[in-house]
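Okay, structure first, notes after.
Values in this text are rule-based calculations from the coordinates and carry no lab data. Quantities reported herein were computed from a predicted structural model and do not represent experimental measurements. Cβ sites come from the backbone with ideal geometry, for glycine too, and all protein chains shown count toward neighbours.
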Amino acid sequence: MLPLQYNVLLFLVPALIIPAFEVATGTAPADPSLGDLLVSPMILVVLFNVGYYGRTRRGSGGIVDERDVRNLDLALAVVGVVLLVSMVGLYGWYAVSDATVPREVDGLAAVGIVTVLLVLGATEIRQRI
C-alpha cells in the first residue's frame, strides 16, 4: 500500500480540483455531488494502491522513496500553515467589515486548531514510546 501521505493527497486533490479550477477560471461554481467529493477520489486511491501493489509484487520496485515522503510531509505542513493563516486573514476581513462570521468558518477554525493539537500530541506520544 502507498504511504499515508500519498493516499491523503490522492483523495484530497481530485476532490478539490474542480472547485479550485472554477475559482481560478472565474466560472460560476457548480454544487459538487457526493460522487465528486467522495466516490471519484476513493476510486483513484484504490486504483493507485492496486497498481502500486502489483508493481511491488513483480519486483519492479516501489515508486516511493524517502525523499518523496519528506517532500510530501513538507507540502502537507506548508498547506496546513497556509490554511491556518488564511483563516486568520478571513477573521480579520470579517472584523474590518463588521459582518458576522458564518458558523462554517468557526467550524473550520476549530477543526484546524484541534488538528494541530492532535498532531502535536500524537507526535509527542510516538517519540516517547
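Stretched out straight at 0.36 nm per residue, the stretch from Asp31 to Val64 would grow longer than its current Cα-Cα span by 8.4 nm. The Rg/Rh ratio for the range 1-63 is 1.13, where Rg is the radius of gyration of the alpha carbons and Rh is the Kirkwood radius.
Taking every pair of alpha-carbon atoms in the range 65-129, give the share separated by more than 19 Å as a whole percent.
Percentage above 19 Å: 49.
The charge dipole of the chain, taken about its Cα centre with unit charges on the Cβ of Lys, Arg, Asp and Glu (plus for the first two, minus for the last two), comes to roughly 660 debye. Residue-wise HN-Hα couplings along the range 97-107, as the Karplus relation 6.51 cos²θ - 1.76 cosθ + 1.60 with θ = phi - 60° gives them from phi, are 8, 6, 8, 7, 6, x, 4, 4, 5, 4, x Hz; Gly and Pro carry x. Helix 4-25 versus the longest principal axis of the chain: what angle, 0 to 90°, nearest 10, using Cα atoms? On a 0 to 90 degree scale, this one is about 40. Among Ser40, Ser86, the order by Cβ neighbours within 10 angstrom, fewest to most, reads Ser86, Ser40.
Would you mind checking the tilt of helix 40-57 against the longest principal axis of the Cα atoms of the chain, expressed as 0 to 90 degrees and rounded to 10? Tilt of helix 40-57: around 20 degrees. The stretch between Tyr53 and Asp73 holds 5.0 nm of extra length on full extension. This uses 0.36 nm per residue minus the Cα-Cα distance. The slack in the chain from Val85 to Ala110, taken as 0.36 nm per residue of separation less the alpha-carbon distance, amounts to 7.6 nm. What the Cα convex hull of the chain gives, in volume per residue, is 159 Å³.
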